[in-house]
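> One structure, as structure tokens, below. Some questions next.
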């Protein structure tokens, strides 16, 4: 029960990696608030509370975090997980509206959540943040211009948080999944997915639970001396 007594915000927790993390964190004793646009399937663990929320709305972030702290006293962990590929086009072909939409979700949503939670973590004497990037935020990829740019920015942003707020006992790390069997990946072009799997040394899709286990380590006290770094969960893809 590594998260007993912890109040945890997870964004994008209704499906995929986020859902696996929400369920695992609750299994480990945490009180988990799943912030997402919608909920496809109800959770059975009473320690999980779904709250409809748009991570690209900063005013909503401020109001929600204040309400949670007023009601529950503190926020121990923020897992900025919400994100999407959103558009597969490269720099010359991506529609400008798609660029702004993907960056708003993948990067600004992380910034807004972090900014909303920081004052409370500082006041309570510390906290932990984890931000989902991607293996393509760690190394380059062709196409998917908005996704790679935003996920690369999340990696650097996480380091900025770690260095700036270490003195406040706030840790920050980034998580970099490879090709994972999430609803988003399973719905994309199968040839594209297989081409990535073919380049992955372990030779298969990862599971959301496997990524959630890595996230659990980074948000728990077991990683108390880990901050400002990234954990890649990609079946060896970026080791090549």
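> Which condition from (1) in contact with a helix residue (DSSP H, G or I) (Cβ under 7 Å, 6 or more places away or on another chain); (2) in contact (Cβ under 8 Å) with a residue 24 or more places away in the chain; (3) surrounded by fewer than 24 Cβ atoms within 10 Å (Cβ to Cβ); (4) part of a helix (DSSP H, G or I) is the one that residue 146 breaks?
(3)
> Name every residue in segment 34-49 that is crowded, with 17+ Cβ neighbours inside 10 Å and over 27 Å from residue 100 (Cα atoms), in order of residue number. Explain how you work it out, then say what you get.
Our first condition is that a residue be crowded, with 17+ Cβ neighbours inside 10 Å; within segment 34-49, this holds for 34-36, 43, 47-48.
Within segment 34-49, 43, 47, 48 qualify.
> Moving on to the next point. Pull up segment 47-87, narrow it to residues that are in a loop (DSSP other than H, G, I, E, B) and out of contact with any strand residue (DSSP E or B) (no Cβ under 8 Å at 6 or more places or on another chain), then point me to the one that is farthest from residue 24 (Cα to Cα).
Pass one, segment 47-87, residues in a loop (DSSP other than H, G, I, E, B): 47, 53-57, 73-76, 81-87.
Subset that is out of contact with any strand residue (DSSP E or B) (no Cβ under 8 Å at 6 or more places or on another chain): 54, 56-57, 84-87.
Details: 54: 23, 56: 25, 57: 27, 84: 22, 85: 24, 86: 26, 87: 30 Å.
In this case the residue turns out to be 87.
> May I pose another question? Out of all the residues in segment 88-109, is one or more touching a strand residue (DSSP E or B) at 6+ places or on another chain (Cβ under 6 Å) and under 20 Å from residue 14 (Cβ atoms)? Reasoning before the result, please.
So in segment 88-109, the residues touching a strand residue (DSSP E or B) at 6+ places or on another chain (Cβ under 6 Å) come out as none.
Among the residues of segment 88-109, not one is touching a strand residue (DSSP E or B) at 6+ places or on another chain (Cβ under 6 Å) and under 20 Å from residue 14 (Cβ atoms), which makes the answer no.
> Evaluate the following for residue 97: is it over 19 Å from residue 172 (Cβ atoms), out of contact with any helix residue (DSSP H, G or I) (no Cβ under 7 Å at 6 or more places or on another chain), at pLDDT 95 or above and not in a helix (DSSP H, G or I)?
On the way: over 19 Å from residue 172 (Cβ atoms): yes; out of contact with any helix residue (DSSP H, G or I) (no Cβ under 7 Å at 6 or more places or on another chain): yes; at pLDDT 95 or above: yes; not in a helix (DSSP H, G or I): no.
Answer is no for this residue.
> Please state which of the following conditions residue 1 fails to meet, knowing it meets all the rest: (1) within 21 Å of residue 210 (Cα to Cα); (2) surrounded by 16 or more Cβ atoms within 10 Å (Cβ to Cβ).
(2)
> Here's something else I'd like to know. Taking the stated definitions as given, is residue 138 modelled with pLDDT under 95 and closer than 18 Å to residue 234 by Cα? Break it down into steps so the answer makes sense when it comes.
Working: modelled with pLDDT under 95: yes; closer than 18 Å to residue 234 by Cα: yes.
When the stated conditions are applied, residue 138 passes them.
> Another one. Is there a residue in segment 114-127 that is touching a residue at least 60 places away in the same chain (Cβ under 8 Å), closer than 23 Å to residue 16 by Cα, surrounded by 22 or more Cβ atoms within 10 Å (Cβ to Cβ) and in contact with a helix residue (DSSP H, G or I) (Cβ under 6 Å, 6 or more places away or on another chain)?
So far as segment 114-127 goes, no, none of its residues is touching a residue at least 60 places away in the same chain (Cβ under 8 Å), closer than 23 Å to residue 16 by Cα, surrounded by 22 or more Cβ atoms within 10 Å (Cβ to Cβ) and in contact with a helix residue (DSSP H, G or I) (Cβ under 6 Å, 6 or more places away or on another chain).
> Please indicate, with yes or no, whether at least one residue in segment 157-167 is at pLDDT 95 or above and either under 11 Å from residue 135 (Cβ atoms) or in a loop (DSSP other than H, G, I, E, B) (or both). Full working, then the answer.
Pass one, segment 157-167, residues at pLDDT 95 or above: 157-167.
Now restrict to residues that are either under 11 Å from residue 135 (Cβ atoms) or in a loop (DSSP other than H, G, I, E, B) (or both): none.
No, because not a single residue in segment 157-167 is at pLDDT 95 or above and either under 11 Å from residue 135 (Cβ atoms) or in a loop (DSSP other than H, G, I, E, B) (or both).
> Cβ-Cβ below 8 Å, separation at least six or inter-chain, first residue in segment 157-183 and over 17 Å from residue 115 (Cα atoms), second at pLDDT below 95 and not in a helix (DSSP H, G or I): which pairs?
Close Cβ pairs satisfying both conditions: 176/138.
> Let me ask something else. What residue, among those in segment 193-210 that are more than 22 Å from residue 40 (Cβ to Cβ) and in contact (Cβ under 8 Å) with a residue 24 or more places away in the chain, is surrounded by the most Cβ atoms within 10 Å (Cβ to Cβ)? Let's see the steps before the verdict.
Of all residues in segment 193-210, those more than 22 Å from residue 40 (Cβ to Cβ) come to 194-204.
Narrowing the set further to residues that are in contact (Cβ under 8 Å) with a residue 24 or more places away in the chain leaves 196, 199-204.
On the way: 196: 18, 199: 14, 200: 20, 201: 10, 202: 12, 203: 10, 204: 10.
Out of the qualifying residues, it is 200.
The values are calculated or read from the model by the stated rules, or taken from the named source; none is laboratory data. Worth saying up front: this structure is predicted, and the values here are computed from it rather than measured. So basically every Cβ, Gly included, is an ideal-geometry build from the backbone, and we count neighbours across all protein chains shown.
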